There are 2 protein chains.
Amino acid sequence: MKEAEPNQGLVPGKKEILETRELISFYAHITPVLTCRSINALSGSKLFFKCENFQKAGAFKFRGAVNAVMRLSKKEASNGVATHSSGNHAQALSLASKLRGITARIVMPENASLVKVAAVESYGGIIRFCRPTLEDRETTLKEVIKESAAREIHPYNDYRIIAGQATAAAEFLEQISGLESIVVPVGGGGLLSGTILSARYFSSTVRIYGAEPEMANDAQESFRQKRFIPVKDPATVADGLRTSLGSLTFPIISGGAEDILTASEEGIILAMKIIWERMKVIVEPSAAVGLAVILENPDTFRGKRTGVILSGGNTDLSHLPWQIS
Amino acid sequence: MKEAEPNQGLVPGKKEILETRELISFYAHITPVLTCRSINALSGSKLFFKCENFQKAGAFKFRGAVNAVMRLSKKEASNGVATHSSGNHAQALSLASKLRGITARIVMPENASLVKVAAVESYGGIIRFCRPTLEDRETTLKEVIKESAAREIHPYNDYRIIAGQATAAAEFLEQISGLESIVVPVGGGGLLSGTILSARYFSSTVRIYGAEPEMANDAQESFRQKRFIPVKDPATVADGLRTSLGSLTFPIISGGAEDILTASEEGIILAMKIIWERMKVIVEPSAAVGLAVILENPDTFRGKRTGVILSGGNTDLSHLPWQIS
């Protein structure tokens, strides 16, 4: 398990998630829910897609990041924040920090895509490059924090982050009545654990499924074997889901998920293309894993009112996965 | 001027457009309006994007097609409908006919993209291929009509089509108050002339601009010289806007547009990429011409509440224009 120091406190309660919704309402979008008749026909299910790809900075990650940043005391915020991330958390934390007027320092591997580097820079994040190993990322982050006295904001192993991500499902349950299931992609587990908490507090019936690439099925294994099993940088196309669960997210998922289901790489790319073609919305590969799981496990969702969180839309438009073969 | 026989009747009035809204409400989506802070910053304008790319069959064309098909008498509809089109009208007419339970016969050039052929077939349209010249398209359509006794539904030179397309702006003016301008792509002029009619009936102040590729600026020339000037298959990337105005659309545009502005090919591709990247929605090149015109004519729209109709989202995902260079 990734040994980031968790922030103190208890698992977020109902009151905290309600307060978080109020706090982030000043900064984050209430994202729309779309439906698509042809994808319903294809899946045999009644699907509702929560478009977090339309969220600020292009992914649900902004919810957690802005909650974490805005809740820092003036003193805590005074030297800015820091994280290591090559993905959506980097952009989200940079934008949240810009809104608060503090500095975000982002450790990124030197092989990160130019698109992601440019996005972080466009939000004012200060990048420190490192070698592309987890060890070097962590060492470099420690150096950055030592030099700057910035506060670390971990991408998922932090209850403020989890409470922020929980607001997506809280909104979703208000927007669509009678949802029977919600399917959520799982990497580090911030979105999945937040969704489980909101389901517990705001619904008596909805079942929460994690959706994971077969090639990175550490969360499924951990969930089914009831012990933490890490993954080591799997090569799945769903680049947002290559991480292992955290010490704060695993217990919530273990106790609250209905199941964790997987999808093949081909299934993920196909689902992504279906969403682009039929819904005309841009999702990144990780965001397509929910639909991929539904299409590869049709019996579980047949005829059911099923919510899918389209987690993000940040993808390199000059390298689409269906063109690489 | 294309010599399709226009359908009889008068320019659609306010009452007819209201009735059309009611009729098509059973079939068409009320499409959402999106805003994007970063594109506002880029343009210096306050932009509202009406997402007709989310319309049934992926483009505004469905509004006109379903209105035309549903208004046919039982006798008129009995032998189905026919058109020649390699684009969105073909898909829209096929879907509208499927909903009415009649046959749509579509004449398409034999070099039409496989994606478009598959889309028409998926809606049940019956395709007859022809050589890719306007002459052969028209001759083949005449043959098809002679054989089948189908009713021709022209893509824009038809008042039922124009009334259908007018409903997009009628909705838009209800959704967003105080729009100062609306920018609409112009090919054959069905959407532009419909927008002009709705502006006249439902707003006292909004100005309507046509947006056209520089390489296919026949509508601009026709508008400015006040006489019809045709265009001959220009090679613009905006493949939906390669046609000339019609005998019914030109007079409405001539009398009611504020101006027709053009955008460069590079500007169209850039605007399309900006919409994909920033808004995470898929638009086809023709749908990006409105934003391209705004970005290339910033003084006209600076600080103004400006509506843009994103006309469609049907594009071949394996051939993106920024990858062809």
Length-normalised contact order of chain A, Cα under 8 Å, at least 6 apart, in percent, tallies to 22
Those trypsin sites (Lys or Arg not before Pro) from region A:185-275 that are DSSP loop and have at most 11 other Cβ neighbours within 10 Å turn out to be A:Lys226, A:Arg227, A:Lys232
Once the in-chain neighbours fewer than 8 apart are removed, the lysines whose Cα is under 18 Å from B:Lys146 read B:Lys75
Of the convex hull enclosing the alpha-carbon atoms of region B:96-197, the direction-averaged projected area in nm² is 8.0
Taking a crude spin-label model, label points 7 Å out from Cα along the C-beta direction, the A:Lys142 to A:Arg128 distance in nm is 1.2
If every Lys and Arg gets +1 and every Asp and Glu gets -1 at its Cβ, then about the Cα centre the protein assembly as shown yields a dipole, in debye to the nearest 20, of 1620
Straight-line reach check, A:Lys142, cutoff 17 Å on alpha carbons, 8 or more apart in-chain or any other chain, hits among lysines -> A:Lys2
Given a Förster distance of 56 Å, the FRET efficiency implied by the Cβ-Cβ spacing of A:Glu180 and B:Asp233, rounded to the nearest 0.05, works out to 0.60
Between B:Glu110 and B:Val11, Cβ-based FRET efficiency (R0 35 Å, step 0.05) works out to 0.40
Rounded to whole angstroms and listed largest first, the alpha-carbon spread of region A:148-205 along its three principal axes comes to 48, 19, 15
Placing one equal point scatterer on each C-alpha of chain B and summing with Debye, one gets log10 I(q)/I(0) at q = 0.07, 0.14 Å⁻¹ equal to -0.24, -1.04
Farthest towards the positive end of the dipole of chain B, among B:Ala118, B:Ala68, B:Thr300 and with Cβ unit charges of +1 on Lys and Arg and -1 on Asp and Glu, lies the Cα of B:Ala68
In region B:250-295, accessible area falls by at least 30 Å² from chain alone to full assembly (1.4 Å probe) for B:Trp276, B:Lys280, B:Ile282
Stretched fully, the stretch from A:Lys98 through A:Gln225 gains (0.36 nm per residue minus C-alpha distance, one decimal, in nm) 41.5 nm
Pseudo-spin-label distance A:Ser25 to A:Leu42, built 7 Å along Cα→Cβ, given in nm, is 3.6
In whole percent, the fraction of accessible protein surface over chain A that belongs to carbon or sulfur atoms, probe radius 1.4 Å, stands at 50
Square roots of five times the C-alpha gyration tensor eigenvalues of region B:62-152, ordered largest first and given in whole Å, equal 20, 15, 10
Two pseudo-spin positions, 7 Å from Cα along C-beta at B:Arg278 and at B:Glu266, lie apart in nanometres by 1.9
From most to least accessible, 1.4 Å probe, no ligand or DNA/RNA atoms counted, B:Glu265, B:Glu147 line up as B:Glu147, B:Glu265
Given pairs A:Lys15/A:Lys46; B:Lys61/B:Lys116; A:Lys56/B:Lys273; A:Lys74/A:Lys98 and cut-off 20 Å on Cα-Cα distance, the over-length ones are A:Lys15/A:Lys46
The relative contact order of region A:62-152, taking Cα pairs under 8 Å that sit 6 or more residues apart, comes to a percentage of 32
Chains A and B: accessible area buried, summed over both chains, 1.4 Å probe, nearest 100 Å², reads 1600
Output row for A:Thr133: copy-to-copy label distances, label 7 Å along Cα→C-beta, ascending, in nanometres, one decimal, is 6.8
Helix-only [θ] at 222 nm, the protein assembly as shown, -39500 (n - 2.57) per DSSP H run of 4+, per residue, nearest 500, equals -12500 deg cm²/dmol
Using a 1.4 Å probe on heavy atoms of the protein chains only, the accessible area for B:Phe26 in Å², nearest 10, reads 150
In region A:16-56, the residues losing 10 Å² or more of accessible area (1.4 Å probe, heavy atoms of protein chains only) relative to their chain alone are A:Leu34, A:Arg37, A:Asn53, A:Phe54, A:Lys56
With +1 on the Cβ of every Lys and Arg and -1 on the Cβ of every Asp and Glu, the dipole magnitude of chain A about its Cα centre, in debye rounded to the nearest 20, is 880
Everything considered on the Cα gyration tensor (a ≥ b ≥ c; rounded for a/c under 1.5, else prolate if a/b is larger than b/c, else oblate), region B:202-325 must be described as oblate
Note to self: with every protein chain in place and a 1.4 Å probe, region B:36-83 gives an accessible area per residue in Å² of 31
Using alpha-carbon positions, the gyration tensor of the protein assembly as shown gives root eigenvalues a ≥ b ≥ c; with a/c under 1.5 called rounded, otherwise prolate if a/b exceeds b/c, else oblate, the class is prolate
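The values are calculated or read from the model by the stated rules, or taken from the named source; none is laboratory data. These numbers come from a predicted model, not from an experiment. Quick reminder, even Gly has a Cβ in these numbers, built from the backbone with ideal geometry, and neighbours come from all protein chains shown. Quick note on the areas: whole protein, heavy atoms, side chains included, nothing else; ligands and nucleic acids left out. Shrake-Rupley method; radii C 1.70, N 1.55, O 1.52, S 1.80 Å.
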